[in-house]
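The values are calculated or read from the model by the stated rules, or taken from the named source; none is laboratory data. All values reported here derive from a predicted model rather than from experimental measurement. Note that we place each Cβ from the backbone using ideal geometry, even for glycine, and neighbour counts take in every protein chain shown. Surface accessibility is based on the protein's heavy atoms, side chains included, excluding ligands, DNA and RNA. Shrake-Rupley method; radii C 1.70, N 1.55, O 1.52, S 1.80 Å.
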Amino acid sequence: MTTNRERHVERSPSASYDCSKFDLWQAQLYMDSSCLLASLHGSDTLLFADMQHRDPMLQKRDEFEDMLEERRNSSDLRYALRCYTPVLYKGVTPCTAGALKNMVLQSAQIHFVIGQVSNETGRAVDDIQEEASAILEEMAHSLQLSTVRFFAFTLSKVFKTLFRSICVNEEGIQRLQQAIQEHPVVLLPSHRSYMDFLLMSYILYTYDLALPVIAAGMDFMGMKFVGEMLRMSGAFFIRRSFGGDKLYWAVFSEYVKTMLKNGFAPVEFFLEGTRSRTSKSLTPKLGLLNIAMDPFLKGEVFDVHLVPVSISYERILEEALYARELLGVPKPKESTSGLFKARKVLSEDYGSIHVYFGQPVSVRRLSQGKVDRGQFNLTPRHIPKRPSEEIHSFVNDSAYGLVRAQEENMVLKPWVLLASLLLQNHHGDQASGRARGMALDELTEQAVWLRDLSRQYGAFLHWPDHVPPPEVVSSSLSLHRGLVTITEGRVQLASEQGEPPPVGPEEELLRQAVTVLSCVSYRNQALHVFLRPALLASAVHAASSSGKQEIFNSFSFLRNMFSNEFILCPGATVQDFEEACFLLVKTGALHVSQQEVVVTERGHRTLAFLTSVLDPFLQGYQVRVRSRLRYTEVLSSDLQKNALAALLRLGAVRKIKGYVGFDHPRVPVGSVEYARPRARLKLHHLEFISTNESVWFVAIRVSTDVKQQLRPYSAFGGKHEVFIRIMNEFIQIMNEFIRPTDFMMSDSFAVFFSSETLLLKCSGACWSDGEAERRARL
Amino acid sequence: MENVVQRLLKCSTSTFFQLHIVNCTGLGEEGVKAAVATSRLERGKLRRRTRAAVETGVGHREPGPRTRRCPQIAFCPAFCDPDSLPPRVGWIAAGALASIPTPAAHGSAPSIHKHGSSMASNSSSSGGSDRQRIAQQRLRIIAGHLQRPAGDDSALLAAECKDQGSKSDASSEEKTVPRRRQEIMKWNGWGYSDSRFLFNKKGQAEFTGKRYKLSGMIIPGLKEWFEGTFGANLQHKSPATPILNSSAVRPPTLNEAFVEELKSTGVPFSHDAEDRVFRAYGHCVHEIFALREGRIGRVPDLVVWPNCHNDVVKIVELACKHNVCLIPYGGGTSVSSALECPSEETRSIVSLDTSQMNRILWIDEKNLTAHVEAGIVGQDLERLLNESGYCTGHEPDSMEFSSLGGWVATRASGMKKNIYGNIEDLVVHIKMVTPRGVIEKSCQGPRMSTGPDVHHFILGSEGTLGVVTEVTMKIRPMPEYQKYGSVVFPNFEQGVACLREVAKQRCAPASIRLMDNEQFKFGHALKPQVSSIFTSFLDGLKKIYITKFKGFDPNRLCVATLLFEGNREKVLQHEKQVYDIAAKFGGLAAGEDNGQRGYMLTFVIAYLRDLGMDYYVMGESFETSVPWDRVLDICQNVKARIVHECKERGVQFTPLSTCRVTQTYDAGACVYFYFGFNYRGLSDPVHVYEQVEHAAREEILANGGSLSHHHGVGKLRKEWMSETVSNVGIGMLKSVKDYVDPNNIFGNRNLF
């Protein structure tokens, strides 16, 4: 604690806002001591000091090589059948899947947990042993070279059709190869697409590196045949949730640890836990990282190297799918037939992919001075123990650092900048009601300006400098012609021409929202570059004076507010503030003195841009309901989820865990797909009172049970009518329990409505005021 | 005559009396033979030993190298004075030495009897004529003893503390450790001045001197190993300063009043520069390195040599009276900076050298205990006891030079602790002089429930509380039979698993050690030149068998060395049991030679370090104890950490980083790490070394290892003490210190 405190003070840009003041301020605001603790506990990104230069422009990055080029020039078959002899960790002989399972089942940890479970439940040890073995059977990979070769062949064909190039930094590959030989390696790719892990294995196979075993969601096992294929190419499957199941956890963690400890293969998993639908990095999940670090912390291996991998797609395969999902159309269930149907994507051009293998991060170095490994000295290491506070915060900090490392090496295409500009323009248009669109030359001019700005902020921008900017712009636009239309030299966001005209205003809005959200997902790719300066810009904008202290306070409020939304390392407020100041001062947008932060003459443009980057998020978080939506992207369920989480965290919203168990006869409304006729709803009743007290919101989260049951609808591929129908049914169910005057949300879909204005009326997906009232009366 | 002897032998079971009587009666050679003959008939136990002795004596062949008879005789002590002891077939030596040519002259110094068979010179197999000659010599000596006047039995008599004047010249000659250590020992390296490794003109390694088994031999493989392992080059030498420059030593700060009063007590002392420098250092690498460069820091201002307990009492009283800082000095083999004079010490520092308190005061055969002055060094203690047919069985690697008092003060551990126990198991009674007075127990009960055991305040006190002056130790009859052995395992993991199983079944031999692959190679490199083509051919065959036929990877296999001791049948039975367990873990018996060479490594390694330092290679060993489940992990991690840290600190060539498991316990094991690196090109090699060792110790602690198994804390590991024993623990220790020594007279500032 003390050291943290000291460090904070040390890094304060001026003595005027030392951390004690800052804490006091926080404490006053939230009257919540836990917040205060949280802010102190956290770490700093100093961990990754070797990755983060003070001046991001100085960051050195490797060159890319296109690995598809060779594929286009030589036989895929020969490639798939070539001699594959990867180097392995300390030259260990790879272990067969069966032997691995045996090792896991015979481990001390599993024995212990089996004994424990048997004591608790009174079940026979053999019985539990059997169960453990079944769990393992369900989970374990069964990597086979022949399957890998099959994938190598087919993927070559697919990739060549879909992508122009797959660019990989070969130096990164060399570093990885080195790391694999010396230490157990964990690969941590970013997760934007289903394609990610196939791509990873494909690359490693191509470069003759040890094939990873990949943690995949159980959902894939739903796909007949394909699931097994994936298993044979190195995937192992874990259930999405296994809350209190000790045995499952033990088998799972031991399985991962055994692979890691013995260095049989690199372990690969996604820190973000799931695909980011918004292209914005998700806040990291700690479970697997905890497991991966455990062997080191317990001294079972000398070190573990974590390799962040940034995979950037010029165009994401699931583009439109994600947008719909964010709007509440449930995710289609993973199925083989679905995959088969999705083959139409093969006919489109998805640009290029950039895969950047980052600098391997040594857990040993990372933990130096942060974790006392001696804490495991006094109990046998095989007895599972909840990670200590120290370890938890260490893992958490490391996870944030790693996600930031991923973000930093994401390659940005010019389109990302264009999308940002077009979106801002779009919103402006909507607000003013002016003629829509943006002149092409204006767009080009702004894009060039933004290019230079983002480079100064350290963006990994792939802007072909040898091509004249207008050409760069037009070629980018043409790749994404599904999202933009150019009419009379003006560019505007719109869905593709030639589709049947919308059936009604609802569909019109939905269609529009899909376009906007797709664009948003591109803009989001660049968010990490602008985030800190944007927070500062918004703080400057919001502050009533130019006093540094006030601006810092408001910066820190915003930062705290958005820490569910963006990757903001806990406890690094001062550092982030300094970074933001540094960047803005460097680009001449701000003048920062001991006491004041002043916007310079030429800085207005930068600040205006930065403020509007954050604006949609701010609006989404503002607990005010407007009659007219300025930002369609507020409809994104991701935003709502994060907002709610933030409000919860900040104590503005209280969570009342009301479990309402009931047998509802009307759940299976005209639907044969319900597996169980009697649904059991678990309601998480959330209420919060907005600051102006005029609006009451009640949020209802639907438990997993319900989602599972509603899922069959997704088989229809998320058609609009179905979407509306599901929502109606859902609201019907909900009506029984709450007044429909409120704000409801769930993981997969969100419904807004309030007593004053029905947001959903705007999106046209719900009923009219009258009906709402009628229902309310019922 | 016969009758006399016979009767005496019958009625007395005490060797002590036997000796006296035999000496007093002045029997001739014939008489001895007669006595032997009689005893053979009369006394079963004695018989076998005696016969062996006699057989050896007259040149009969030993049954063969495998039967490790104990030719040591019960009589021997009486007949042989240590200083003229012939090269008898040391019980330790036996068959292992079979292939080693005898050094031309059989040392007459007692120091040829080193711990570990590997060291002692021996001659059992070098041809008939040699044997004949030895037998004759032996007889001559026995005869000589018989003619000696009675009363010259100073070695064993419970002598009253004599003052200096009455000491005969003869008795100072027989001391292994003279007052002026510089007469026989190196001032800036390990061990005897006449024994050292060097690369001769042909570039072959050889070991000089005549004291050890390896002495005078060529070690052909060492050069290649040395150059290959460290990237060293014989062209690049880093020689030490040859002579101690007395002018570099700061003149002593003497407390005149103390010196005056000391003079009046008659206790010898000196403020000669050499004497003082010798007591200022232990054998940490930084200490030796500084000495080699001729850099000398703070040294004691005075050295005193008390002769007995009462002398110590007087010295301590005077020190208290005049507020002088006392630093006890035993064998000087510390590897924890324990002897370093604290730089902040402003008082006059007096080094209290116990080396002259080296008598066995009495042996109690009924209770099997011996009362010994604490300054005695290991080799003398064992030798003298052996002469009476006993041993303590306490054989730390440093036993040639380390002292009993030092063992007590550091909680030492001997390699044969499985049979005899560690020092805390061996001591029955301790007498220590503290500034508060003398602490000792009132009886010699084998166990007491009288509150916390006060011995445990003394054991491990590292000279911070007082001087241990006398110790009553358990003794055992000398083992009748001894046998070495070794087992090759396909890898270190299997080896550790085997040791664990052996510990589980509680059937550990006297010593069992597991060397890792690097150390196995090291041991191999130390193989002396093979004399016959046949032997090298056999070696080749063995190698082929293990690597080709059994499929062991020469870069992974590792070796456990074993030493069995006891009754012959039991040893053989025990041996079988252990080999059977080993077989379950893929272990193959690999012969006695390998086993022996393994133990040899223990004592030559300290000499080898000096050789390394001549060629820019710096090395050190350190140890820990760790629970069984952590053994493999700690070995792997600490070794890796050493390599890693060296790399980080700019060491060009990958260092030697190796370990061995040297002791097994019910709940864990003792692990020894060796670390050496080529420091050419480093501006401050000692600093690099210290950083790496520091990191390695952190790694040990992080992996559940202890701060030390037997080296102690000293000043080198002080910083981790509170972490190790908790703040309350430190408080307890400090409160004892505050009571016993409020003025910090014993101011070496070790431990905390």
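Annotations
- Per residue, the solvent-accessible area of region B:481-597 (1.4 Å probe, heavy atoms of protein chains only, all protein chains present) comes to 45 Å².
- Evaluated at q = 0.21, 0.30, 0.31 Å⁻¹, a Debye calculation over the C-alpha positions of region B:184-230 (equal weights, vacuum) places log10 I(q)/I(0) at -0.75, -1.04, -1.06.
- Short to long, the 10 Å bins of the Cα pair-distance histogram for region A:412-494 hold 18, 53, 26, 4 percent of all pairs.
- Members of region B:700-720 that become less accessible by 10 Å² or more once partner protein chains are added (1.4 angstrom probe, chain alone as reference): B:701, B:702, B:703, B:704
- Hull volume per residue, based on the alpha-carbon atoms of region B:532-612 and their convex hull, is 148 Å³.
- Cα gyration tensor, region B:481-597 - rounded (a/c under 1.5), prolate or oblate: oblate
- Area hidden from solvent between A and B (accessible, protein heavy atoms only, 1.4 Å, total, Å²): 1100 Å²
- Cross-link check: pairs B:223/B:543; B:474/B:737; A:90/B:639; A:157/A:257 evaluated at a Cα-Cα cut-off of 26 Å; pairs beyond the cut-off: B:474/B:737; A:157/A:257.
- Dipole size of region B:607-721 about its Cα centre, with +1 on Lys/Arg Cβ and -1 on Asp/Glu Cβ: approximately 60 debye, rounded to the nearest 20.
- Per principal axis, descending, Cα span of region B:209-325 in whole Å: 59, 32, 20
- Shown here are the Rg and Dmax of the Cα trace of region B:607-721, at 14.1, 45 Å.
- FRET E, pair residue B:690, residue A:72, Förster distance 56 Å, beta-carbon r, rounded to 0.05: 0.45
- With an a/c value of 1.5 or above and a/b larger than b/c for the gyration tensor axes a ≥ b ≥ c computed over the alpha-carbon atoms, region A:184-237 is described as prolate.
- Across B:521/B:542; B:202/B:527; A:101/A:246; B:321/B:441; B:416/B:542; A:298/A:385, pairs whose alpha-carbon gap is larger than 22 Å: B:321/B:441; B:416/B:542
- Region A:212-309: relative contact order as a whole-number percent, Cα under 8 Å and 6+ apart: 25 percent
- For region B:595-631, a decrease in accessible area of 50 Å² or greater in the assembled protein chains relative to the isolated chain, with a 1.4 Å probe, applies to B:630.
- Residues of region A:368-408 that lose at least 40 Å² of accessible area (1.4 Å probe, protein heavy atoms only) when the other protein chains are present, relative to their chain alone, are A:373, A:377, A:381.
- If the segment from residue B:424 to residue B:200 were pulled out straight at 0.36 nm per residue, it would be longer than the present Cα-Cα gap by 76.2 nm.
- Residue A:484 long-range amide H proximity, modeled H, under 5 Å: A:494
- Length gained when the stretch residue B:567-residue B:653 is fully extended (0.36 nm per residue, less Cα-Cα span): 26.1 nm
- Heavy atoms of residue A:101 accessible to a 1.4 Å probe, total area in Å² rounded to 10: 40 Å²
- Alpha carbon convex hull of region A:346-387, volume per residue in cubic angstrom: 173 Å³
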